[in-house]
Structure formats: C-alpha cells, structure tokens
1. Do any residues in region 68-82 that are closer than 10 Å to residue 106 by Cα have Cβ atoms under 6 Å from those of residues that are part of a strand (DSSP E or B) and among the β-branched types (Val, Ile, Thr), where the two are at least six apart or on different chains, and which pairs are they?
2. Considering only residues that are surrounded by 20 or more Cβ atoms within 10 Å (Cβ to Cβ) and farther than 11 Å from residue 81 by Cα, which ones fall in region 44-65?
3. I'd like the full set of residues that are over 21 Å from residue 81 (Cα atoms) and either more than 30 Å from the chain's Cα centre (by Cα) or exposed (fewer than 15 other Cβ atoms within 10 Å of the Cβ) (or both), limited to region 94-113.
4. I'd like to check something: does region 130-139 contain any residue that is within 20 Å of residue 54 (Cβ to Cβ), of a type in the set (Asp, Glu) and assigned to a strand (DSSP E or B)?
5. Within region 39-62, can one find any residue that is closer than 23 Å to residue 155 by Cβ and among the aliphatic types (A, V, I, L, M)?
6. May I ask you to list pairs of residues, at least six apart or on different chains, whose Cβ atoms are under 8 Å apart, with the first in region 16-44 being at pLDDT 80 or above and of a type in the set (Phe, Trp, Tyr) and the second being in a loop (DSSP other than H, G, I, E, B) and surrounded by fewer than 17 Cβ atoms within 10 Å (Cβ to Cβ)?
7. Would you pick out the residues in region 144-170 that are surrounded by 15 or more Cβ atoms within 10 Å (Cβ to Cβ), farther than 17 Å from residue 61 by Cα and of a type in the set (Val, Ile, Thr)?
8. I need every pair where a residue in region 144-155 that is in contact (Cβ under 8 Å) with a residue 60 or more places away in the chain and over 14 Å from residue 125 (Cα atoms) has its Cβ under 6 Å from the Cβ of a residue that is crowded, with 19+ Cβ neighbours inside 10 Å and of a type in the set (D, E, K, R), sequence separation at least 6 or different chains.
Amino acid sequence: MVLMVLTGLLEGASAANAQDSASIDWNNSGDSLQGAIGLHYGQTGGHGLAFRAPIRWWLYFQVAGGVWHTEDKQQHNLGFNLNYILRQDQRTRIYISAGTGFFYSKELTGTTAGGEELHDLEENWNLGGGVGLEYLQGRRWAWKVEANFAHLGKSGDIKVIPQAGVSYYW
C-alpha cells in the first residue's frame, strides 16, 4: 500500500515537472514575457540595475546603470543596448547586440599643502557590438552572455569584451 502511494506521488510529481517545463517557452502566446528587470555587467551596456523592454517582438531595448560612492571614490555609469533576435526557440535566444555606455569615475588621490583635495577624474564613452545568447532558466528568470567588439573611450582600444546579465521577466 505504501509503495503504491509513493509510486503515485512520484508519477504525479514527474508529470507536473514535465508540464511545468513544457510551459517555459519564449514563444508562449499566453505569456509573452515582455519586459524584464535585472542586473547587467558590461563595458558597452553599463553595469548595475537593468531594465529591458521590447520595441518589436524581435528587437529589445535595454538600459542599465549604477551609482557607487565611497568616501574616496565616486563611480557612475549608464549604458544602452539594442538586441536584435536572430533565432529563438523555447528557451534560447541568439541575438546581435549594439550598445554604448558612459562611465564616470572621480577618485581622491591626495591633498595639497594648502589642504585642497586632489582628484583623478576619468570619463569614458564606450561603443560596441557583438553576439549574445539568452537562456530562459525557469518560468520567468533568464541569464544572458555576450561577446562584443568594443571601442573603449579615451584609450581608443578595440577589444573583445564579455558582458553578462540576469533578468526577471513579467
């Protein structure tokens, strides 16, 4: 009797898991997973709190940024990204991305003999584009990774820069 109850519970749980995983789908017309909020880190898309919204079903806009202050250092950044979906299946999106980010940093480096503070000030505009992958991990959570060719502000360097993020879709 106990064995039959346990078998029934296991079968019910596995059926519920199969049904739940079948409903996790970017293409579900009943739950379109439109906008998202999350965290993003990148040199062209900004790092900090991120907000994503569709312009069309195949084109997403993202804004991300953050403010970090300590006694000796202030950092601000704001980034914008466009993601054009190339391929989308139930859980995976492959897209191309273009973005720009503004980064500001002001650090206290010392004081003069007269007591005036000396600061190192750095401002950079970064610009780049590349390819990314977004994976729908659960019903509403997704993570993404990108590899972007980025032109890095004042240095003028062009490098392949990784970006990453995690989002909660509503």
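1. 76/67
2. Across region 44-65, the qualifying residues are 47, 65.
3. Selection gives 107, 108, 109, 110, 111, 112, 113.
4. yes
5. Scanning region 39-62 turns up no residue that is closer than 23 Å to residue 155 by Cβ and among the aliphatic types (A, V, I, L, M).
6. That search, which allows pairs on different chains as well, returns 26/89; 26/90; 26/91.
7. Matches in region 144-170: 161 only.
8. none
The values are calculated or read from the model by the stated rules, or taken from the named source; none is laboratory data. Since this is a predicted model, take the numbers as computed values, not measurements. A quick note on method: Cβ atoms are made from the backbone with ideal geometry, for glycine too, and the neighbour counts reach across all protein chains shown.
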